Each structure stands twice: as C-alpha cells, then as structure tokens.
Amino acid sequence: MSEPASLYARFTLSHEQYEAFMNSTPARPASFDDWQAWFDRRSMAGDGRVGADMLAELDAATVADVIKAWREDPWTGTPPVEYDELRRTLRIAMLQASENYIEMLRLLTPLRGAAAFNEASADDFVLIFDYLWGDSEISAYLLLDQGRSRFADACAPQHMHEARGYLEEALDYMQSRGG
C-alpha cells in the first residue's frame, strides 16, 4: 500500500454511552494483546515487530480531544463526527487515515476503546481500507461486541457496503466545503 487508506467506524451507543465514551480517557495501546498478530498478517517494511514505543499512551485527555485533533488536521479529510440519537449510532469517517501500520495502530486504539461503552450485542466495526484509490485492500477490520474488540480476517459484505456508502457521503461533504 502506498496511498493513505480510509477509515470508517460505526458504534451503537445510547446518549449516555456516547457521552461516556467521548469523555473517557483514550484506551491504551498496551491494553490490547493482538497487535502483533495483526502486524504478522501484513506486509511492511522493517522487522514487523510491535515495539514498546508503539504502545505508548496517547497524548490526549479524552476521546473527544483525539477526534477533535483528527478533525483539525486538514490532511485526514475528517468531516464532522455524526451521532444519531434516534438510531443510537456514532459514525466516524477519515478519508485519508494513513498508509502506515504504526499510525493505524495509533488511530485504532481510541476507537477500540468504544467496545467498553457500546451495546454488547451490536454489530459494530472499524474498517480501514483503500477507498479513495479504487481498491478494496483491507488494512484493518475490527469487530466490537460483548465489551471487546477483535481483528477479523474477512470483512462482512454489508460492512464494506456501509463503509463505502458513508465514505462517499464524507467525500461529497468535503468536496462541497472545498476540502
């Protein structure tokens, strides 16, 4: 992969769960023990090892601060975060997330923390894939349920369809704003 992949995340949260998640301290990368297994399935430069420096804590007080920083970075192409209280759904899109797996680890960590807040039986996920470049190469696919997050190998077709549709809306929004 040489071009930045796009990120889409969907979480099912009540208003109270949404507020708690956004005001929570971002999850710590070291809280998850499956990073190395994810790296092992990827082709990357270097030794492919998850080093301690990659597992350093994020420099943000809350998840809302992390998302605000993403939104303020014009490179990422992150439209406003959408929380639909009626559908109890939080959706996050980032058109140019990264092409670097270490950076992806840093992006995924706070989102994985949503598992502690989302509806236990929800069909929630985070997907990083080549949306903008006409390819469907998947860099990361996480499922969130029962209070945990886990990498999955095969992306559910309905998840890919949903992500593509929402990223299309995000791209249209960013283009209409001159971004």
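Shape verdict for the chain, please, from the Cα gyration tensor: rounded (a/c under 1.5), prolate (a/b greater than b/c) or oblate.
rounded
Sort 10-20, 104-114, 120-130, 153-163 by packing, meaning the average of other beta carbons within 10 Å per residue, with the highest value first.
104-114, 120-130, 10-20, 153-163
Using the per-residue mean of other Cβ atoms lying within 10 Å as a proxy for protection, in what order, highest first, do the peptides 144-152, 91-99 fall? It would help to have the intermediate numbers written out before the result.
Working: 144-152: 16.6, 91-99: 22.0.
Result, highest mean first: 91-99, 144-152.
Using square roots of five times the C-alpha gyration tensor eigenvalues, list the equivalent-ellipsoid semi-axes of the range 55-108 in whole Å, biggest first.
Each semi-axis is the square root of five times an eigenvalue, giving 21, 14, 11 Å.
Just to verify a number: FRET efficiency for residue 14 and residue 62, C-beta to C-beta distance, R0 = 22 Å, to 0.05?
0.75
For the chain, with the dipole built from +1 on Lys and Arg beta-carbon atoms and -1 on Asp and Glu ones, taken about the Cα centre, which of 127, 152, 20 lies farthest toward the positive end?
Of the candidates, 20 comes out farthest on the positive side.
Report the extension gain between residue 137 and residue 116 in nm, rounded to one decimal, defined as 0.36 nm multiplied by the number of residues separating them, less their alpha carbon distance.
Numbers: separation 21, 0.36 × 21 = 7.56 nm, distance 2.83 nm.
Extra length available between residue 137 and residue 116 comes to 4.7 nm.
Could you tell me what percent of the accessible area of the range 78-179 is made up of carbon and sulfur, with a 1.4 Å probe and every protein chain present?
Working: 2220 of 4690 Å².
C and S atoms contribute 47 percent here.
Under a 1.4 Å probe, what is the accessible area of the chain per residue, stated in Å²?
Working: 8870 Å² over 179 residues.
I get 50 Å² per residue for this part.
For the range 117-169, just the Cα atoms, rotate onto the principal axes and tell me the three extents in Å, largest first.
Each principal axis gives a Cα extent; for the range 117-169 these are 33, 23, 16 Å.
Report the FRET efficiency, 1/(1 + (r/R0)^6), for residue 82 and residue 152, where r is their Cβ-Cβ distance and R0 is 22 Å, rounded to 0.05. Display every interim value, and only then the final one.
Values: r = 24 Å, r/R0 = 1.08.
The formula returns an efficiency of 0.40 here.
At 1.306 mPa s and 10 °C, plugging the Kirkwood radius over alpha-carbon pairs of the range 79-179 into Stokes-Einstein gives what diffusion coefficient in µm²/s?
Diffusion coefficient, whole number: 110 µm²/s.
I want to check the label-to-label distance for residue 41 and residue 23. Put each point 7 Å from Cα in the C-beta direction and report it in nm to one decimal.
3.6 nm
How much length is gained on full extension from residue 72 to residue 172, taking 0.36 nm per residue of separation minus their Cα-Cα distance?
Residue separation times 0.36 nm, minus the Cα-Cα distance, leaves 34.2 nm.
In debye, nearest 20, what is the charge dipole magnitude of the chain about its Cα centre with +1 on Lys and Arg Cβ and -1 on Asp and Glu Cβ, if you could check?
180 debye
The values are calculated or read from the model by the stated rules, or taken from the named source; none is laboratory data. As the structure is a computational prediction, the values presented were derived from the model and not from experiment. Methodologically, a virtual Cβ is constructed for each residue, glycine included, from the backbone with ideal geometry; neighbour enumeration extends over all protein chains shown. We work out accessible area using only protein heavy atoms, side chains counted, and drop any ligands, DNA or RNA first. Shrake-Rupley method; radii C 1.70, N 1.55, O 1.52, S 1.80 Å.
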